[in-house]
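The values are calculated or read from the model by the stated rules, or taken from the named source; none is laboratory data. These numbers come from a predicted model, not from an experiment. No Cβ is skipped: glycine too gets one built from the backbone with ideal geometry, and neighbour counts run over all protein chains shown. The area values use the complete protein model at the heavy-atom level, side chains included, leaving out ligands, DNA and RNA. Shrake-Rupley method; radii C 1.70, N 1.55, O 1.52, S 1.80 Å.
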Amino acid sequence: MENRFVPVADNQELEQLIARSHDAPVLLFKHSSTCPISATAYKEMTKLTREIALVVVQRSRDVSREIEARTGVRHESPQALVLRHGEAVWSASHWNVTADAVERALEEHK
């Protein structure tokens with residue numbers, strides 16, 4: 001299955017995602033490259049067939065902090081967020097990051 005992970009490396013790219021969320025839901029996944037729980041969540045995300053904005057927290061700490069500041073959702077990793085109309089309308093972390101949960105959240109916030 002084709003993975004659609006799109007790296008988010010800076011705050012300008014984050015701003016573009018937030019702007020896109022006014023037209024459709026945006027899925028943002030915060031991933032730690034050193035955490036086994038995050039590795040499991042990453043595997044769950046590979047089951048999805050949609051674009052996934054990927055923030056690797058070790059490489060993009062500023063972006064990770066900006067997500068927390070902009071959304072009000074406390075940083076955790078792994079963490080999945082659905083952005084809609086410029087706001088975080090759903091989030092999950094750790095073992096709650098599953099493909100099924102993300103699909104349901106995206107469907108609820110079309």
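Return the pairs, sorted by first residue and then second, in which the second residue is among the acidic types (Asp, Glu) and assigned to a loop (DSSP other than H, G, I, E, B), the first residue lies in the stretch 79-102 and is touching a residue at least 12 places away in the same chain (Cβ under 8 Å), the beta carbons are less than 9 Å apart, and the residues are 6+ apart or on different chains.
Short answer, once both residue conditions are applied: SER91/GLU76; SER93/GLU76; HIS94/GLU76.
Of the residues that make up the stretch 33-42, is at least one surrounded by 14 or more Cβ atoms within 10 Å (Cβ to Cβ), within 10 Å of the chain's Cα centre (by Cα) and not aromatic (Phe, Trp, Tyr)?
no
Do you know which residues across the stretch 51-110 are in a helix (DSSP H, G or I), open to solvent by less than 50 Å² (accessible area, probe 1.4 Å) and either under 19 Å from ILE37 (Cα atoms) or among the basic types (Lys, Arg) (or both)?
SER64, ALA99, ALA101, VAL102
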